[in-house]
Amino acid sequence: MDHAVPLPDNNQKDRLHCLCFDGQSFMMPRCLLLRCVLTLLSSLCVLGDADSAQQDGAPPSKIAIIGAGIGGTATAHFLRQHFGPEVRIDVFEKGTVGGRLATVTVNHQEYESGGSIIHSLNLHMQDFVKQLGLKHRRSVAGKTAVFNGEEFILEETDWYLLDLFRLWWRYGISFIRLQMWVEEIMEKFMRIYKYQAHGYAFSSVEELLSSLGGSGFLNMTRRSLSESLLELGVSQRFIDEVIAPIMRVNYGQNVSIPAFVGAVSLAGAQANLWAVEGGNRLVCLGLLKLAKANLIQAGVTTISPHSTGESTQYQLLHEGPAGRGSGLYDIVVVATPLQDGVGAAISFPGFEPELPAVGGSYHQTVATIVHGYLNCSYFGFPDPKLFPFASVLTTDTPELFFNSVGCVCPVNVSGSFRRKQAQEAGVYKVFSPHALGKPQLKTIFRSYYSVQVTDWQAYPHYASARDLPPVVLHDGLYYLNGIEWAGSAMEMSSVAAKNIALLAYHRWSRQLEMIDQKDLMHKIKTEL
């Protein structure tokens, strides 16, 4: 990469003359003296050019992002904000933009098959929607119940006070303790927005969590949710009948997942949830456009270092419908899982020492979209007209082959739209650990017109690894998806995207004082 090197000032010239006139240099011929000075200047230019981008304030020439899900597209947006309009940003995606934010079409209408809900306190997502001119989807009320394979053990009603009384009667004050615990964690987590607004970044997920909640947050990544809740005074019955069903529908896993992951999931199970009119995937498409990024429909197969002096660029080999290609980049952000079998299949030859393997695996969750009639008799309601629930969660019971079933709304909800009643043909989303066979479908549905199956490796399998993956893989090589092992959600990926953009910017600009600062709350208050 060519960069202009500034000429030395007068003081620099004097120092150069002093280097030449050492003792008997006055005896040197004039042409030899000139050659000596030019040689020295040339060597200084070569040494400076190896890292001149960082020294002279020039932005990187090219940045690559691998993956066009919410993490990758948000990273493109934030990198554009920090590095400005001159840098070229290429986003590689071998599938469809949006990643796990996806839709399927049923009867000429689209339905979310992937990430469906966003919390009202997800400030990055809120800001994206505002900047892109998108709208919140109109919410359609519906009641939820918990099924244990034989009967409903918990039912939501139309009366909030009655629901509270039922919770207190069955579980005591467990639900109050849980609410206070989640709110305390959310309050601490909200600090990240203030830190990022002031430009602070973190070089690891551990540093980020520690800055928000100290050792308490770090310990929550190592202790199980059930253990933490029992210590909090939450009853085992409440954990089995309320917490476990929420974990099953959100992550497809049980209450042995880490406590911090569970807290993220529980925050997403509260009220004040929303979605994007037209589909959550529109956020990813809009961010790509806003970032003026170049979408390259190809999968990256290899990332290798390419050293020039003291600086390192990265050569990417990629393959797609247009054939094979390659390119050199100053900064690379991997925004897709690196675990074996998930789909990225990127190799990293030429690194010395070798890059550490990213451990763990991803959990299989099958989303089945069914257009048909719910078999209400299976749930204890022979007359479907009396079935009042829009969503059914399930307990962790071996005989149950599905995690949840719910009547879903299309991504475009008109003012006249109403949710289908159980006696009508509706569109249902079923989450299960494995693909449903015909006997299983016939158990849940009386009859059906269509079935569409999406086999997701949607979340980390949290029992498969204990360490959080690194954020910095190499000097200019970053990994976004490590944040998922602390909590997997659209906003967690957006927070990670902002952090990596800040981290890459500060490391490139040598503003190391903005990275991994301690006692940030006090520091920010002092700045204000």
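The values are calculated or read from the model by the stated rules, or taken from the named source; none is laboratory data. Keep in mind it's a predicted model, so treat the numbers as computed, not measured. Positions of Cβ are backbone-derived with ideal geometry, glycine not excepted, and every protein chain shown enters the neighbour counts. All accessible areas refer to the heavy atoms of the entire protein, side chains included, with ligands and DNA or RNA removed. Shrake-Rupley method; radii C 1.70, N 1.55, O 1.52, S 1.80 Å.
Table for the structure above
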item	result
Filtered residues of segment 320-335 (kept if without any contact (Cβ under 8 Å) to a residue 40 or more places away in the chain and of a type outside the set (A, V, I, L, M, F, W, C))	321, 323, 324, 325, 326
Positions within segment 109-134 being open to solvent by 40 Å² or more (accessible area, probe 1.4 Å) and more than 23 Å from residue 267 (Cβ to Cβ), in sequence order	109, 110, 131, 132, 133
Among the residues listed as 224, 235, 215, the single one being out of contact with any helix residue (DSSP H, G or I) (no Cβ under 6 Å at 6 or more places or on another chain) and within 30 Å of residue 430 (Cβ to Cβ)	224
One residue from 515, 524 being of a type in the set (Val, Ile, Thr), in contact with a His (Cβ under 7 Å, 6 or more places away or on another chain) and modelled with pLDDT under 95	524
Test: residue 268 is at pLDDT 95 or above and surrounded by 14 or more Cβ atoms within 10 Å (Cβ to Cβ)	no
Check on residue 464, under 27 Å from residue 219 (Cα atoms), open to solvent by 10 Å² or more (accessible area, probe 1.4 Å) and in contact with a strand residue (DSSP E or B) (Cβ under 9 Å, 6 or more places away or on another chain)	yes
Enumerated strands (runs of 3 or more DSSP E) restricted to segment 305-351, each holding at least 1 residues that are out of contact with any helix residue (DSSP H, G or I) (no Cβ under 7 Å at 6 or more places or on another chain) and open to solvent by 30 Å² or more (accessible area, probe 1.4 Å)	311-320, 323-329
Cβ pairs under 6 Å, 6+ apart, first in segment 172-183 and open to solvent by 80 Å² or more (accessible area, probe 1.4 Å), second modelled with pLDDT of 95 or more and among the small types (Gly, Ala, Ser)	177/233
Per-region count, segment 250-284, residues over 30 Å from residue 133 (Cβ atoms) and touching a helix residue (DSSP H, G or I) at 6+ places or on another chain (Cβ under 9 Å)	14
Exclusive hit being more than 27 Å from residue 209 (Cα to Cα), out of contact with any His (no Cβ under 8 Å at 6 or more places or on another chain) and of a type in the set (Ser, Thr, Tyr), set 256, 235, 265	235
Which numbered condition residue 359 fails, given (1) in a strand (DSSP E or B); (2) in contact with a helix residue (DSSP H, G or I) (Cβ under 9 Å, 6 or more places away or on another chain); (3) open to solvent by 30 Å² or more (accessible area, probe 1.4 Å); (4) under 30 Å from residue 499 (Cβ atoms)	(1)
Residues satisfying the stated conditions in segment 279-323, i.e. farther than 12 Å from residue 97 by Cα and of a type in the set (Gly, Ala, Ser)	279, 291, 293, 299, 304, 307, 309, 311, 320, 322, 323
Every residue from segment 179-226 that is among the charged types (D, E, K, R) and either more than 18 Å from residue 258 (Cα to Cα) or assigned to a loop (DSSP other than H, G, I, E, B) (or both)	187, 191, 194, 222, 223
Residue list for segment 78-100, restricted to those being over 20 Å from residue 458 (Cβ atoms) and either touching a Lys or Arg at 6+ places or on another chain (Cβ under 8 Å) or open to solvent by 10 Å² or more (accessible area, probe 1.4 Å) (or both)	78, 80, 81, 82, 83, 84, 85, 86, 87, 88, 89, 90
Filter result for residue 103 (of a type outside the set (Gly, Ala, Ser) and either buried (at least 18 other Cβ atoms within 10 Å of the Cβ) or more than 21 Å from the chain's Cα centre (by Cα) (or both))	yes
Qualifying residue in segment 369-389 (condition: over 30 Å from residue 315 (Cα atoms), open to solvent by 40 Å² or more (accessible area, probe 1.4 Å) and within 32 Å of the chain's Cα centre (by Cα))	no
Flag if residue 224 is open to solvent by 30 Å² or more (accessible area, probe 1.4 Å), touching a Ser or Thr at 6+ places or on another chain (Cβ under 6 Å) and of a type in the set (Ser, Thr, Tyr)	no
Contacts under 8 angstrom Cβ, first residue in segment 509-522 being under 19 Å from residue 192 (Cβ atoms) and assigned to a loop (DSSP other than H, G, I, E, B), partner at pLDDT below 95 and among the basic types (Lys, Arg), 6 or more apart	517/523
Residue satisfying condition, being within 25 Å of residue 336 (Cα to Cα) and part of a strand (DSSP E or B), within set 266, 285, 295	295
Matching strands (runs of 3 or more DSSP E) fully within segment 75-155 where at least 3 residues are of a type outside the set (Lys, Arg) and in contact with a Pro (Cβ under 7 Å, 6 or more places away or on another chain)	109-112
Matching residues in segment 472-508 - criterion: being assigned to a loop (DSSP other than H, G, I, E, B), buried (at least 24 other Cβ atoms within 10 Å of the Cβ) and either in contact with a strand residue (DSSP E or B) (Cβ under 7 Å, 6 or more places away or on another chain) or among the aromatic types (Phe, Trp, Tyr) (or both)	480
